[in-house]
Amino acid sequence: MSISRVQAAVATASQGITLSAANLNFDFTLIKFDAPAEYRALGAVLSPSRVREAETGPLHVTARRLGALFDGVCPETPNLIKAYGTRASDISLEVSARESAKDSNWVRSEYGGIDATSIWAAATSSKAALPVHLLACIIARIWNNTEAVSIWDELVVGRRSEIAAKFEQGEMLPDCMVFAAAQQEMTRDHLARWDASARAWLQSADLARRRQLTQFRLIVENVSIAVGSKTSSLYADVVGVWTSALTAMEGLVSGRPHVVKDGTVLLGLSAWHIYPDMAIFDGAGCNKLVPMKDDLVGERGLLSLGLSDAGRQEDRGVYWSLSLAHHRFYGAAPRHTRRLDVDGSRITFSELMLVCYGCLLRRWSSSYAESGLESLSCITGTV
């Protein structure tokens, strides 16, 4: 069923909605809620410009619409949402205290400071928007910005189609969800801003929790484990990863142990900066307990890691493969693979060799240089 039919059917009696067609233009995204108590310290340290953007600007609109659109997709995780708010507030206060010691001026006080805009936008828009922010952190953690926007675009299209199918079958749906599916203003620019704010937050939070993140990366570098089910549907794969990560982390925060069967929970704890104690089993009798000493994790919230995927050497670490149908405008959907333990801002040794060799050949004639680069590419496997 097309979205246009949803728009036409919103006012029908099957849903008990007696709105005229003009009511579809009612902008429910302008509604603002009080943030949960755990998030209020974060809002207190945001700069005035970021607060305006989060509470009344385009980012608030995006958070509200995404929250309404994906409402009910993931399970409720109240303990995780509270723990994440506490962690985000603690990090924001730490960063704010460090930056306040620097030379301040009106530009810094108005526009500077930590960028937790997407968190505050989600916290003040709806309860359903906070898990969507957690999904934004998962996507931003492992995919680059252009890939992330393509993923979000495909998720929005997939969710709207899912709502349209349910509407056609006569299921009772919340009004806001129907409006979010019917409205057309979810542009790639809006999604890009949403993703950029999540990336800015991850950068600040990584610096604030550098020791725990470094310790975590040293662990995941020694395993080879996949994220997701590698299904042909990006929507089903991403939603599956999202819900699995939320469920596992909710259990750990609540004090329930968890055995790692895929890389989903590892991706979640990395993106959300909540680190449970970890029991590592390597199969050779060299078992080790890694205490992370995170007070947000329940007393018995132990993460057991011992399973690995016997994949290729280049797939070492936590990796995720998706077919990005919205990443380009023509041709078959390219399949991309990204790894959690690799810093995307750095180059590999093979790529460094290629750069050095290119510098060496820069003064050669173009034909010899191209032949030399092709030979090196074959040797190093960079192309």
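The values are calculated or read from the model by the stated rules, or taken from the named source; none is laboratory data. Keep in mind that what you see is a predicted model, and the values were worked out from it rather than measured. Every residue, glycine as well, gets a Cβ built from its backbone with ideal geometry; the counts of neighbours run over all protein chains shown.
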I need the full set of residues from region 77-96 which are at pLDDT below 95 and acidic (Asp, Glu), in order please. 94
Determine which single condition residue 137 fails, assuming it passes every other condition in (1) buried (at least 21 other Cβ atoms within 10 Å of the Cβ); (2) touching a strand residue (DSSP E or B) at 6+ places or on another chain (Cβ under 9 Å); (3) not aliphatic (A, V, I, L, M). (2)
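Which of the residues belonging to region 48-72 are among the acidic types (Asp, Glu) and assigned to a loop (DSSP other than H, G, I, E, B)? Walk me through it before giving the result.
At the first step, the residues of region 48-72 found to be among the acidic types (Asp, Glu) are 53, 55, 71.
Within region 48-72, just 71 meets the criteria.
Do the conditions hold for residue 289, that is, is it within 17 Å of residue 83 (Cα to Cα) and either in contact with a His (Cβ under 7 Å, 6 or more places away or on another chain) or not in a loop (DSSP other than H, G, I, E, B) (or both)?
Details: within 17 Å of residue 83 (Cα to Cα): no; either in contact with a His (Cβ under 7 Å, 6 or more places away or on another chain) or not in a loop (DSSP other than H, G, I, E, B) (or both): yes.
For residue 289, the condition - within 17 Å of residue 83 (Cα to Cα) and either in contact with a His (Cβ under 7 Å, 6 or more places away or on another chain) or not in a loop (DSSP other than H, G, I, E, B) (or both) - is not met.
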Could you list all residues from region 16-47 that are outside any loop (DSSP other than H, G, I, E, B) and modelled with pLDDT of 90 or more? 37, 38, 39, 40, 41, 42, 43, 44, 45
Any residue at all in region 242-265 that's part of a helix (DSSP H, G or I), farther than 25 Å from residue 299 by Cβ and in contact (Cβ under 8 Å) with a residue 12 or more places away in the chain? yes
Does region 268-280 contain any residue that is touching a helix residue (DSSP H, G or I) at 6+ places or on another chain (Cβ under 6 Å) and over 28 Å from residue 197 (Cα atoms)? no
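Just give me the residues in region 247-268 being of a type in the set (A, V, I, L, M, F, W, C) and in contact with an Asp or Glu (Cβ under 9 Å, 6 or more places away or on another chain), in sequence order.
So the first thing to find is which residues in region 247-268 are of a type in the set (A, V, I, L, M, F, W, C), and the list is 248-249, 252-253, 259-260, 265-267.
None; the set is empty.
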Near pairs, Cβ below 6 angstrom, 6+ apart or cross-chain, from region 65-91 (within 14 Å of residue 268 (Cα to Cα)) to any residue that is among the acidic types (Asp, Glu) and assigned to a helix (DSSP H, G or I): 77/250; 80/250
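May I ask you to verify whether residue 72 is at positive phi and either at pLDDT below 90 or surrounded by 23 or more Cβ atoms within 10 Å (Cβ to Cβ) (or both)? If you could, list the steps in order and put the result at the bottom.
Working: at positive phi: yes; either at pLDDT below 90 or surrounded by 23 or more Cβ atoms within 10 Å (Cβ to Cβ) (or both): yes.
In short, yes.
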Test of understanding: among 181, 128, 122, which residue is crowded, with 21+ Cβ neighbours inside 10 Å, modelled with pLDDT of 95 or more and within 14 Å of residue 65 (Cβ to Cβ)? 122
Condition check: over 19 Å from residue 202 (Cβ atoms) and at pLDDT below 85. Does residue 154 satisfy that? no
Which of the following residues is in the same structural domain as residue 162 (by TED's automatic domain parsing), buried (at least 19 other Cβ atoms within 10 Å of the Cβ) and under 21 Å from residue 319 (Cα atoms): 237, 195? 195
